[in-house]
Each structure stands twice: as C-alpha cells, then as structure tokens.
Amino acid sequence: MKKDLLSVVDLGRGDVEQLIEQALVMKQGGMRCLLPWRSVALLFEKPSLRTRVSFDLAVTQLGGHCLYLSPQEVGLGQREPVADVARVLSRYVDCIVARVFSHDTLVSLAGSASVSVINALSDLEHPCQALADFLTIREHKGRLQSMRLAYVGDGNNVARSLALLSGMMGVDFVIAAPAGFALDDGTLRRAREMAAVAGSSVTATSDPVEAVRNADVVYTDTWTSMGQEKEAPMRREAFAAYQVNSSLLAHARSDVIFMHCLPAHHGEEVTTEVLNGASSVVFDQAENRLHVQKAALAQILIPAD
Ligand code: CP
Ligand code: NVA
C-alpha cells in the first residue's frame, strides 16, 4: 500500500528515529542512488526556495529526477479538478510533492492519487520542515529527550508540526502567542496525548519570557504566512511584543540554539543580531531539509521487505 506524508502524525516515533539516523548517514555521503529512475512531481501553489531546491536535489542525488509544476501551468482545482490532476500525475510519476494553500487540497490529492503524496507545506502543517528541525536539534544537542523547545509567535503550520512532533518524540514544547493567534485546541490536545505517552509536556502561554525561560531551543517563524499578506499590518501590531531579540533570548539557557524555518523578516519576528548570532542554526536547518527529505523519500518510496 502507498504511504503518504501529509502530517507528522502519519509517521510513528520509530519511523522518525529511523529517518533521523538515515539522514545523518546520508549527510556523510552514504546511501546514494536508492531511487534510480524514479520520477517525482513538485506541484506548487506558492513560492519556495528551500523546499523546491532541496526536494529537487534530494531526488537527483537518490538517482531519480523531478518535474517542477508551477501554479500557472497546472491551475490546480481551477483549470482541472484536483482529483483529475492526481490521477493523471499517478500515471507518470512515483510521488507527488505538493505545496498548497488549503490542506483539503492535499487530502483530495492523496485520496485520488495511486502514488505517494508528500506535504511540502499547507495551511495546516509543514512536516518536512519539522523533521529537518529535529535532525538539527539532534545534531546540535546530541539528543531530543529532555529538551525544552520554546516557539514564540504565530500558531501556524510550522508551529503545529513542531508541537505534534515534540509530543511524539518526548520534547517539552511551549508556545507563546498573542490572543487570537494561539495554536488550535485540537492540535494541543493531540500533541498532549502523545506527550503523555512519551513523557514530555506541551503547554501554551501568551508570555514570551515565560516560554523562553530555561529553553534549550528558541524558535520563531514569520508573523504573516503566505496567503495572509493583506493581514500583515494588523499582524505586525499584534505580534510587536513577540520579537525574538537578544533581551528575550537572555532568558533561555546559555547554550540555547535559535531556530527559524526561513524566510525571515529581519527586524520583525527576529532581529538581525539574533539571526546572525552565535546561537543561530538557521542555515543548518535549511541544509538539513535536503538530508531528511532524502531519508523520507527512501522510507516512503522503497517498499519494506
Ligand atoms: N522553509 C521553507 O519551507 O522555505 P521555502 O518556503 O523557501 O521553501
Ligand atoms: N509559516 C510560513 C512558513 C514558510 C516556510 C508560511 O506558511 O508562509
């Protein structure tokens, strides 16, 4: 049966542990050419730098090749119904990597495609980013257990995947968001259920200092995600007290690492000083997209014995 990766919860804890170990091996140059002649469609409704480049290179380095399909070319759901696009692409390629506005579009794609569908970012989740982030934490801290990850900012797609993956992997997760921009209750409930099994905690506050206190990892993302551009002025005001700057970071542990999925808006959610500072691992995160996606493609597309 085909495997899809729409949410981090499509994976189990063992899958994620294996992915991270394989990504580390691949980063050292191991396990090449696992997907000879496989074809992957990159079906994107939104712009991208990291996701597009890292998936293209991941597939190429595994011996396959990618086709990039821009919004103008396909007109997903407009020029042609989503289900028909899924069925047509399934006749050509081995996997569809899709970046969409609505998560429902991904669910329809996966429901109609006979090949695997991977979420390259939707309004709900960004699972490949969270996996790369956990690889980055593992590399810098040597472990995931007993880590405190403080996310400061919008309860968005990136925050949702991080909360769920933290719950699954036993990382203590805390989010500080202003009223009206918190993570939804369903995600918090699901993340807490998993955290109860893994022995960690998932909490929410509106106080960024409280969240960051004693944190091993401080993470932020844009205040205005793709598709919300009209709300940017209102969001700048709502999030003004949530900037990650050196005085906020001073409340974290002295060996804290700063993380951001990028693209960053210097002087908004993070200062240039923090982004370029000694604690920042943001470009390691960007690089790790490549390694973790190679491991994910292998896990999803190579049938288990
Ligand atoms: N972090 C991330 O997904 O970047 P892109 O939007 O450039 O792909
Ligand atoms: N939350 C951001 C992430 C960009 C990688 C967005 O959806 O635009």
Starting from residues that are surrounded by fewer than 18 Cβ atoms within 10 Å (Cβ to Cβ), more than 16 Å from ligand 2 (Cβ to nearest atom) and not in a helix (DSSP H, G or I), keep the ones in the stretch 45-68 and report whichever is farthest from the chain's Cα centre (by Cα).
Gly63
Picking from Glu269, Glu273, the residue that is within 15 Å of ligand 2 (Cβ to nearest atom), of a type in the set (D, E, K, R) and over 27 Å from Asp56 (Cα atoms) would be Glu269
Flagged in the stretch 84-131 as part of a loop (DSSP other than H, G, I, E, B) and closer than 17 Å to Val158 by Cα, in numbering order, are Val100, Phe101, Ser102, Ala120, Leu121, Ser122, Asp123, Leu124, Glu125, His126
Within the set of pairs 6+ apart or on separate chains, which have a first residue in the stretch 185-210 that is within 20 Å of Gly170 (Cβ to Cβ), a second that is in a helix (DSSP H, G or I) and among the charged types (D, E, K, R), and C-beta atoms under 6 Å apart?
Thr187/Arg160; Val202/Arg192
Long-range neighbours under 6 Å by Cβ, at least six apart or interchain, first residue part of a loop (DSSP other than H, G, I, E, B) within the stretch 141-165, second acidic (Asp, Glu):
Met147/Asp216; Gly153/Asp221; Gly153/Glu269
Considering only residues that are within 15 Å of ligand 2 (Cβ to nearest atom) and basic (Lys, Arg), which ones fall in the stretch 276-305?
Arg289
In the set Leu262, Leu188, the lone residue that is touching a strand residue (DSSP E or B) at 6+ places or on another chain (Cβ under 7 Å) and modelled with pLDDT of 95 or more is Leu188
So, in the stretch 43-60, of the ones that are more than 20 Å from Phe283 (Cα to Cα) and in contact (Cβ under 8 Å) with a residue 12 or more places away in the chain, which residue ends up farthest from ligand 1 (Cβ to nearest atom)?
Val59
Val8 buried (at least 18 other Cβ atoms within 10 Å of the Cβ) and either more than 15 Å from ligand 1 (Cβ to nearest atom) or farther than 30 Å from Arg143 by Cβ (or both)
no
Residue in the stretch 71-91 that is closer than 30 Å to Met169 by Cβ and either within 16 Å of ligand 1 (Cβ to nearest atom) or not aliphatic (A, V, I, L, M) (or both) present:
no
For residues that are more than 16 Å from ligand 1 (Cβ to nearest atom), of a type in the set (S, T, N, Q) and on the phi < 0 side of the Ramachandran plot, tally how many sit in the stretch 131-183.
2
Can Val40 be described as aliphatic (A, V, I, L, M) and in a helix (DSSP H, G or I)?
no
Tell me, which residue of the stretch 225-250 that is free of Cβ contacts under 8 Å to residues at least 60 places away in the same chain and not in a helix (DSSP H, G or I) is nearest to ligand 2 (Cβ to nearest atom)?
Gln228
Residue ID - surrounded by the fewest Cβ atoms within 10 Å (Cβ to Cβ), chosen from residues in the stretch 166-184 that are free of Cβ contacts under 8 Å to residues at least 40 places away in the same chain and within 20 Å of Arg236 (Cα to Cα)
Ala179
Can you name the residue in the stretch 137-156 that is closer than 24 Å to Pro178 by Cα, of a type outside the set (Lys, Arg) and touching a Lys or Arg at 6+ places or on another chain (Cβ under 9 Å) and, of all such residues, is surrounded by the fewest Cβ atoms within 10 Å (Cβ to Cβ)?
Met147
With respect to Leu109, determine if the residue is crowded, with 20+ Cβ neighbours inside 10 Å and of a type in the set (A, V, I, L, M, F, W, C).
yes
Taking interchain pairs and intrachain pairs at least six residues apart, which have beta carbon atoms under 6 angstrom, with the first residue in the stretch 116-129 and over 14 Å from Ile96 (Cβ atoms) and the second more than 8 Å from ligand 1 (Cβ to nearest atom) and charged (D, E, K, R)?
Glu125/Arg160
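The values are calculated or read from the model by the stated rules, or taken from the named source; none is laboratory data. Not measured: the values here are computed from a predicted model. Note that we place each Cβ from the backbone using ideal geometry, even for glycine, and neighbour counts take in every protein chain shown.
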